[in-house]
Amino acid sequence: MNRQAIIESVVQDQLKTDIPRMDIGDTVNVHCRIVEGDKERVQIFQGVLIARSGGGINETVTVRRLVDGAGVERCFPLHSPRVAKYEVVRRGDARRGKLYFLRDRVGKATRLRDRRRGLKHVAANKPGAKKKG
Amino acid sequence: MGVMLLGEKIGMTRFFTEDETNIPVTVVRAGPCYVTQVRTPDRDGYAAVQIGFDEIKPRRSTRPMIGHDFKAGAPPLRHHREFRVDEADLDQYEPGQVLTVEVFENHAYVDVAGVSKGKGFQGVMKRHNFAGLEASHGVERKHRSAGSIGGGGANLGTGPKLMKGRRMAGHMGAERVTVRSLDVIKIIPEQGLMLIKGPVPGPNRGLVEIRTPTRLYKSKGRKQAAALKG
């Protein structure tokens, strides 16, 4: 077994299997588990998925949202046990892999188009929406 | 007294512990090591155990070494090292015995030694963490230099020469380094693997020696003492 395969086998059981398909530009809910003393609660961070980096257990997702007009980005290790769940709220159309240009935009310009074209895996968010050519 | 194993550094990854923290770990393939010779005070003047690691084809070895390993009932091995043991513990070891990673099962910490990655000829800023000179205020073409190395009087001793050991630019790395008191995160006996917290010296595929810690760092020593009591 080569070294890369050994490393992968070591972390295999730590990988999550229940991660939904999330693409760049999607709006996602990240359910963070927050432990305060012995109490635990779940906080939801909703925002646009602007970057994924790394692979395997090192993969991280960067989620950006606006809080009171100020941009907040959080970067989560995808397989972290502190994240209880990921949810896709809305599929967005992105033509590049990293949406860092959103940092320079405010207001309406930060919106991304809904993605509908030729994507069967996308659940219809708006029933009856017309398919674009 | 402790035990030592030879191992191969596989690489680094991350590990999520039970309390959900995310820690960097080095994966090391530790053992199996064959005991190739037992050194006794009667014959050798000291008590130690010689172990060998990494099976190789006979043509990769030499006749004398093949014979040496064969005498212990071991296949030809690439690396051989010794570790000292108490005389009283000598009878726990016999030639041909196989030491696996399970010997570290009761260890919370280990020391790891290896040959660090070579860095070539490096300046004083990288090699000795000097601060360099200023970026401006009239400094010209000397931003990364060491500055004064002292006058003759400053470290005169016997004559108008610098004392040995003055830190300067030069060859860095590719030397034996021991990192002490590293946490053992997990042991996987089926694959002979160990997960050790943090980096260990040397490149991936490099040979490392993993030992029982000779002396723990204070905070870890206290932690271990408390764990033993409780």
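The values are calculated or read from the model by the stated rules, or taken from the named source; none is laboratory data. Please read these numbers as outputs of a predicted model, since none were measured by experiment. Positions of Cβ are generated from backbone atoms using ideal geometry, with glycine treated the same way; all protein chains shown enter the neighbour counts.
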Taking the conditions exactly as written (assigned by TED's automatic domain parsing to the domain that holds B:Glu55 and modelled with pLDDT of 90 or more), does B:Phe130 satisfy them or not?
no
Take the residues of region A:1-50 that are within 14 Å of chain B (Cβ to nearest Cβ), over 17 Å from A:Cys75 (Cβ atoms) and assigned to a loop (DSSP other than H, G, I, E, B): which is nearest to the chain's Cα centre (by Cα)?
A:Leu15
Please verify whether A:Asp23 is of a type in the set (Asp, Glu), at pLDDT below 90 and surrounded by 14 or more Cβ atoms within 10 Å (Cβ to Cβ), treating the condition exactly as stated.
yes
For region B:166-176: of the residues being part of a strand (DSSP E or B) and over 18 Å from the mean Cα position of the chain (by Cα), which is farthest from the other protein chains (Cβ to nearest Cβ)?
B:Gly170
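Residue-by-condition table, conditions (1) in contact with a strand residue (DSSP E or B) (Cβ under 6 Å, 6 or more places away or on another chain); (2) assigned to a loop (DSSP other than H, G, I, E, B); (3) within 14 Å of another protein chain (Cβ to nearest Cβ):
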{"position": "B:Lys164", "(1), (2), (3)": "no, yes, no"}
{"position": "B:Thr178", "(1), (2), (3)": "yes, no, no"}
{"position": "B:Leu182", "(1), (2), (3)": "yes, no, no"}
{"position": "B:Lys186", "(1), (2), (3)": "yes, no, yes"}
{"position": "B:Met194", "(1), (2), (3)": "yes, no, yes"}
{"position": "B:Pro203", "(1), (2), (3)": "no, yes, yes"}
{"position": "B:Lys220", "(1), (2), (3)": "yes, no, no"}
Condition first: among the small types (Gly, Ala, Ser), closer than 30 Å to B:Lys117 by Cβ and either touching a residue at least 12 places away in the same chain (Cβ under 8 Å) or surrounded by 14 or more Cβ atoms within 10 Å (Cβ to Cβ) (or both). Can you find one or more residues in region B:150-168 that meet it?
no
Flagged in region B:133-178 as modelled with pLDDT of 85 or more and of a type in the set (A, V, I, L, M, F, W, C), in numbering order, are B:Leu133, B:Ala135, B:Val139, B:Ala146, B:Met168, B:Ala169, B:Met172, B:Ala174, B:Val177
Report the residue count in region B:205-218 for those that are surrounded by 12 or more Cβ atoms within 10 Å (Cβ to Cβ), of a type outside the set (Gly, Ala, Ser) and assigned to a loop (DSSP other than H, G, I, E, B).
4
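Matching residues to (1) in contact with a Pro (Cβ under 9 Å, 6 or more places away or on another chain); (2) of a type in the set (S, T, N, Q); (3) part of a helix (DSSP H, G or I):
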residue: B:His79; (1), (2), (3): no, no, no
residue: B:Val103; (1), (2), (3): no, no, yes
residue: B:Asp111; (1), (2), (3): yes, no, no
residue: B:Gly114; (1), (2), (3): yes, no, no
residue: B:Lys126; (1), (2), (3): no, no, yes
residue: B:Gly132; (1), (2), (3): no, no, no
In region A:2-17, the residues that are free of Cβ contacts under 8 Å to residues at least 24 places away in the same chain and either loosely packed, with under 15 Cβ neighbours inside 10 Å or among the small types (Gly, Ala, Ser) (or both):
A:Asn2, A:Gln4, A:Ala5, A:Ser9, A:Gln12, A:Asp13, A:Thr17
When the residues of region B:1-53 are narrowed to those that are basic (Lys, Arg) and within 14 Å of another protein chain (Cβ to nearest Cβ), which ends up nearest to B:Ala72 (Cα to Cα)?
B:Arg29
